[in-house]
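Notes for the one structure printed next.
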Amino acid sequence: MKCRIDNSNCNEFLNFGRMPIANGFCSKKDFNREYFFDLKVAFNKKLSLFQLVKFPNPKKMFNKSYPFYTSSSFYMVNHFKKLSNFIKKNYMNKNSILFEIGSNDGTFLKNFNKKKVYGFEPSKSVHLKAKKEGINSINKFFNSKNIKILRKLYGKVDVIFGANVFCHIPNQRDLIKSIDLMLSPNGTIIFEEPYLGSMYEKTSYDQIYDEHIYMFSINSIIKIYDLFGFELIDAIPQNTHGGSMRYILKRKNISKKSKRVKKLIKLEKIKKIDKFSACLSFKKKVIKSRLNLRKRILNIKKKGFQICGYGATSKSTTILNFCKINNNMINCIFDTTKDKIGKFTPGTHIPILNYNKFKGSHYKYVFLFAWNHRKEIMKKEKARKNTKWFTHLD
């Protein structure tokens, strides 16, 4: 296959099989109408880029019923508050204008002067919530077509930000060219994404699903943005989403690179994150992880215990479908998101129940799908003394 960024060759190396939309939580009447695609991954050696071979049309994923609300996580609310202070201190002044790509329900933008910030959010459900909060939310995809009117209205902006969204955008060329058109000469690009190095280290293959078209590394970001006249000046590791990286870029020859980013580049070279060999090693660990997880669940069931899930996450869709875990193995999944409660997991059709019912349940074994929020959840559930929590990473 050809890379979508520079038309160079990619090497396909791992097939997860038929996969539904990760956030496609459905009702019984929709079981026979579910959309499936072949989830395969490949590596572009030239750009050191990990990417999906095929993916659904973004309109299928980011639709009017998109069920993820950033504000539902106290951890993420706090994270974005700290991040906004970091950006205001280092990259903005009182007159600066900031655009967020994929602004969800406005959780991040609430931390700024609302007259100076704007968000692009294609999913209507979360866009409407942001509007109710007084956020300047634009219900469109961020691309060269949709920014034409905005350029006339707002002119150049000083900061363009995105969190866990740049990897969702298939056409990176159009994305970066659109950013270039909107950004002031000394403007800054700041975005956070799940980090390829963390995924390799944890074998967190559930990071791979329809929305995550790319899994970026520091080297891949450097190589991609170099094609468009930008350079990476800093990279800061984050704990969010099971291991992310914050990337900070400017146009070439404006700012010096930080010592931190230079160290991280060397570390990636040592770990061979920029090489195809790391992909093959990851593949072996993924297959082994699937065998171990199925064995563990079947052993629990043989002992006569029931299993429930905690957190109907988008990541869980990959685990459940790849490992062929259905409602005969996991009774239900408890969740707090109203748009998911009463529905079923994509492809595997495990019922999703209101979290309030979890409090009175007596499940001894709980599959923690929201493992990236383990610390927050364990604090919340400290009263459940005899519960055995487990994940596919254990």
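In a simple Cβ point-charge model (Lys, Arg +1; Asp, Glu -1; nothing else charged), the chain has a dipole of about 740 debye relative to its Cα centre.
Specify which residue in the list Leu298, Pro185, Asn171 is farthest towards the positive end of the charge dipole of the chain, using unit charges on the beta carbon of Lys, Arg (+1) and Asp, Glu (-1), about the Cα centre. My answer, from the dipole projection, is Leu298.
Judged by the gyration tensor of its Cα atoms, with axes a ≥ b ≥ c, the stretch 293-390 is rounded; a/c sits under the 1.5 cut.
Structural size metrics of the stretch 154-311, computed from C-alpha coordinates, are Rg and Dmax of 19.0, 65 Å. Taking Lys295, Lys202, Lys315 as the candidate residues, the one with maximal mean-square fluctuation in a Gaussian network model of the chain, Cα springs under 10 Å, is Lys295. Seen from Leu49, the other residues with C-beta closer than 10 Å to its C-beta sum to a net charge of +2, counting Lys and Arg as +1 and Asp and Glu as -1.
Note on the chain: antiparallel DSSP beta bridges, both residues inside, total approximately 50 percent of the bridges counted. If you average the C-alpha positions of the stretch 334-369 and of the stretch 300-329 separately, how far apart do those two centres end up, in angstrom? So the two Cα centres are separated by 11 Å. Around Lys82, what is the net charge, scoring Lys/Arg as +1 and Asp/Glu as -1 over all other residues with Cβ under 14 Å from its Cβ? So the environment of Lys82 carries a net charge of +4. What residues from the stretch 227-255 fall in the zone where the backbone N is under 13 Å from a label point 7 Å along the Cα-to-C-beta line of Tyr75? The answer is 238-244, whose backbone nitrogens lie closer than 13 Å to the label point. In the structure shown, the pairs Lys131/Lys223; Lys269/Lys379; Lys115/Lys140; Lys88/Lys202; Lys288/Lys338 are assessed against 26 Å; a Cα-Cα span above that value is assigned to Lys131/Lys223; Lys269/Lys379; Lys88/Lys202; Lys288/Lys338.
Note on the chain: with a GNM built from Cα contacts shorter than 10 Å, the maximum mean-square fluctuation among Pro56, Pro122, Pro346 falls on Pro56. From its DSSP helices (H runs of at least four residues, each -39,500 (n - 2.57)), the chain gives a residue-normalised ellipticity at 222 nm of -9500 deg cm²/dmol.
Cross-link partners of Lys82 among lysines, defined as those whose alpha carbon lies under 16 angstrom from its own and excluding same-chain residues fewer than eight positions apart: Lys110. Taking K and R as +1 and D and E as -1, what net charge do the other residues with C-beta under 9 Å from the C-beta of Phe322 add up to? That sum, taken over residues with Cβ under 9 Å, equals +1. Nearest 10 degrees is fine. How inclined is helix 172-182 to the longest principal axis of the chain, computing both from alpha carbons? Computed tilt is about 40 degrees.
Annotation: aspartates and glutamates with alpha-carbon distance below 14 angstrom to Lys357 (same-chain offsets under eight excluded): Asp335, Glu381.
In whole Å and largest first, what semi-axes does the C-alpha gyration tensor of the chain yield when each eigenvalue is scaled by 5 and square-rooted? They are 35, 25, 20 Å, listed largest first.
Across Leu109, Leu298, Leu49, mean-square fluctuation computed from a Gaussian network of the chain (C-alpha pairs under 10 Å connected) peaks at Leu298.
Quick note: the coordinates plus some simple rules give every number you see, no bench work behind them. This one's a predicted model, so the numbers in the text were calculated from it and none came from an experiment. Positions of Cβ are generated from backbone atoms using ideal geometry, with glycine treated the same way; all protein chains shown enter the neighbour counts.
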